[in-house]
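Peer 1: Here it is: the structure, laid out below.
The values are calculated or read from the model by the stated rules, or taken from the named source; none is laboratory data. Source: prediction; values computed, not measured. Positions of Cβ are backbone-derived with ideal geometry, glycine not excepted, and every protein chain shown enters the neighbour counts. Heavy atoms of the whole protein, side chains included, go into the accessibility calculation; ligands, DNA and RNA do not. Shrake-Rupley method; radii C 1.70, N 1.55, O 1.52, S 1.80 Å.
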Amino acid sequence: MTDAQETAADTSLRTTGGAPPDDVAPAPIPLLEPREGIPPVVTSDDALARVIAAFAAGTGPVAVDAERASGYRYGQRAYLVQLRRDGAGSALVDPVGCPDLSGLGSALNGTEWILHAATQDLPCLRDIGMTPTSLFDTELAGRLAGFPRVGLGAMVENVLGYALEKGHSAVDWSTRPLPEPWLRYAALDVELLIDLRDELEEELERQGKLEWAREEFDAIAAAPPAPPRKDPWRRTSGMHKVRRRRQMAVVRELWTTRDQVAQRRDVSPGKVLGDAAIVEAALALPNDVQALTALPGFGHRMGRRQLEQWQAAVDRARALPESELPQPGQQPAGPPPPRSWADKDPAAAARLSAARTAVSELAERLRMPQENLITPDTVRRVCWEPPKNPTPGAVEDFLAGYGARNWQIQQVAPLLVRALNAGA
């Protein structure tokens with residue numbers, strides 16, 4: 001067997017999940033190394049101008065990644081942007097030193113961006129002036145192609161046969177200067193994204209799913225920024241324990257105070273005060289600092305000034321008139337939880353059961369997660385309040401109204417029509 005044949009065989013084993021014969025030891029997976037070494041971090045306007053010129057002159061798609069400081073800093077801003085393009089090589093750009101990257105974004109206008117889990121990085125990239133007009137999401141491509149593990153490391157290993165370094169994904173990327181091992185890790189995240197994209201495109205084409213993927217990518221690129229959450233304090237972990245309106249007011253006051261402190265100090269809110277402590281204070285309604293100190297999360301390591309700050313928030317909630325107390329959380333628009341359907345509407349429950357079974361079987365045949373075939377919420381909505389006359393056209397219009405892409409409608413609408421008419 002030639003070297004090329006051995007390489008092809010190894011790749012086939014990796015991509016199809018096969019295994020070598022018992023008497024053949026699996027070849028060790030090589031650790032990926034930067035082809036041109038670790039590029040210097042761009043921190044000045046002059047250096048950024050050179051990167052912009054180089055990437056504008058490059059060819060083909062551009063690999064893009066961003067690192068945030070989730071769990072360390074307030075918000076989700078980018079603290080490092082990594083790029084790679086044929087003819088330009090790799091670049092590491094510091095958005096702290098270069099906060100406006102709109103010039104780089106403009107230079108890449110019309111170029112396909114390759115990202116892994118694009119929806120995670122696009123918001124922080126948009127904030128610094130970088131928004132793609134077209135993209136290829138390697139994680140989503142992996143899902144559509146039926147890969148069981150779609151993390152970047154697993155995809156690079158299974159598809160390209162290289163191991164990525166691990167261990168720095170959850171570090172504090174706001175650290176300055178960034179340690180060399182972290183920069184190495186960051187540079188490698190875009191080292192093979194272009195190669196991964198090309199292999200996945202071929203696999204999707206082979207499975208007849210490439211146009212489906214392109215519809216998904218176009219939808220991500222065209223999606224507007226997410227609107228601010230309404231009453232974000234209601235998402236406090238453990239909120240289900242809080243039943244009374246006065247207690248809800250305490251959660252709201254403590255959450256708002258914590259958010260203001262976290263934003264002022266630029267630290268993660270969880271590092272200022274934990275959700276569990278907020279819920280404990282809401283349930284206990286302490287009368288003074290001494291009572292507050294006795295609660296979990298407000299221990300001896302918290303300074304007097306901090307304790308007084310939290311007690312003041314509790315006192316404000318305690319003093320609110322009834323008319324200003326928050327109302328219980330409104331039920332989200334849409335159908336009730338499916339577990340209650342059998343009692344509330346047995347016919348709808350039967351429709352949902354038939355639809356779920358059909359969608360699950362189709363997703364298995366197509367080798368993709370059900371939620372990528374059609375969102376569970378969309379299935380619930382059409383089964384709870386179906387069109388009065390569930391014709392194919394009516395069901396297709398319903399799905400389109402809830403954001404389903406054309407390929408999803410073509411695949412799923414016939415199944416839902418049968419489920420709805422059987423229920424009727």
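Peer 1: When you count, for each residue, the other Cβ atoms within 10 Å and take the mean per peptide, how do 170-182, 138-150 rank with the highest first?
Peer 2: Per-residue Cβ counts within 10 Å, averaged per peptide and sorted highest first, yield 138-150, 170-182.
Peer 1: Same structure, new question: Quick check: pseudo-label points 7 Å beyond the Cα along Cα→Cβ at residue 388 and residue 306, how many nm apart are they?
Peer 2: It works out to 6.1 nm between the two label points.
Peer 1: Using a 1.4 Å probe on the protein heavy atoms, what percent of the accessible area of region 173-323 belongs to carbon and sulfur?
Peer 2: 49
Peer 1: While we're here: How much FRET efficiency would the formula 1/(1 + (r/R0)^6) give for residue 207 and residue 324, where r is the Cβ-Cβ distance and R0 is 60 Å, rounded to 0.05?
Peer 2: Efficiency computed from Cβ-Cβ geometry: 0.55.
Peer 1: Could you check the spin-label model distance between residue 244 and residue 418? Points 7 Å from the Cα along Cα→Cβ, value in nm.
Peer 2: Placing both labels 7 Å along Cα→Cβ, they lie 5.5 nm apart.
Peer 1: Also: Tell me whether the chain comes out rounded, prolate or oblate; compute the Cα gyration tensor, take square roots of the eigenvalues as a ≥ b ≥ c, and use a/c under 1.5 as the rounded threshold.
Peer 2: Oblate, because a/c is 1.5 or more while a/b does not exceed b/c.
Peer 1: Under 8 Å for C-alpha pairs, at least 6 residues apart: give me the relative contact order for the chain, rounded to a whole percent.
Peer 2: In percent, rounded to a whole number, it is 14.
Peer 1: Taking a ≥ b ≥ c as the square roots of the Cα gyration tensor eigenvalues, with a/c under 1.5 meaning rounded and otherwise prolate when a/b beats b/c, else oblate, which class fits region 203-296?
Peer 2: prolate
Peer 1: So, one more: Alpha carbon centre of region 285-303 versus region 256-273: separation in Å?
Peer 2: So the separation of the two Cα centres works out to 18 Å.
Peer 1: Between residue 100 and residue 357, what's the calculated FRET efficiency when r is the beta-carbon distance and R0 is 51 Å? Round to 0.05.
Peer 2: Calculated transfer efficiency: 0.45.
Peer 1: Rank these by accessible area, largest first, 1.4 Å probe: 353, 323.
Peer 2: Output order, biggest surface exposure first: 323, 353.
Peer 1: Additional query: For the chain, please report how many Lys pairs fall under 27 Å Cα to Cα, leaving out neighbours fewer than 8 apart on the same chain.
Peer 2: 6
Peer 1: Follow-up question, since we're still on this one. State whether region 125-183 is rounded, prolate or oblate according to the following rule on the C-alpha gyration tensor (a ≥ b ≥ c being the square roots of its eigenvalues): a/c under 1.5 gives rounded; otherwise a/b larger than b/c gives prolate, and the remaining case gives oblate.
Peer 2: Cα axes put region 125-183 in the oblate bin.
Peer 1: For residue 33 and residue 214, what is the calculated FRET efficiency with R₀ set at 30 Å and r taken between the beta-carbons, to the nearest 0.05?
Peer 2: About 0.40, to the nearest 0.05.
Peer 1: A further question on this structure: In sequence order, what are the phi-derived ³J(HN,Hα) couplings for region 359-367 according to the Karplus relation 6.51 cos²θ - 1.76 cosθ + 1.60 with θ = phi - 60°, rounded to whole Hz, with x for glycine and proline?
Peer 2: With coefficients 6.51, -1.76 and 1.60, one gets 5, 4, 5, 5, 4, 5, 5, 7, 6 Hz.
Peer 1: Order 385, 324 by their accessible area, 1.4 angstrom probe, all chains in place, largest first.
Peer 2: Heavy-atom accessible area, descending, gives 385, 324.
Peer 1: Which value in deg cm²/dmol, rounded to the nearest 500, describes the helix-derived mean residue ellipticity at 222 nm for the chain, given -39,500 (n - 2.57) per DSSP H run of n ≥ 4 and division by the residue count?
Peer 2: Computed ellipticity for the chain at 222 nm equals -15000 deg cm²/dmol.
Peer 1: Just the number, please: percent antiparallel of the DSSP beta bridges in the chain, rounded to the nearest 5.
Peer 2: 60
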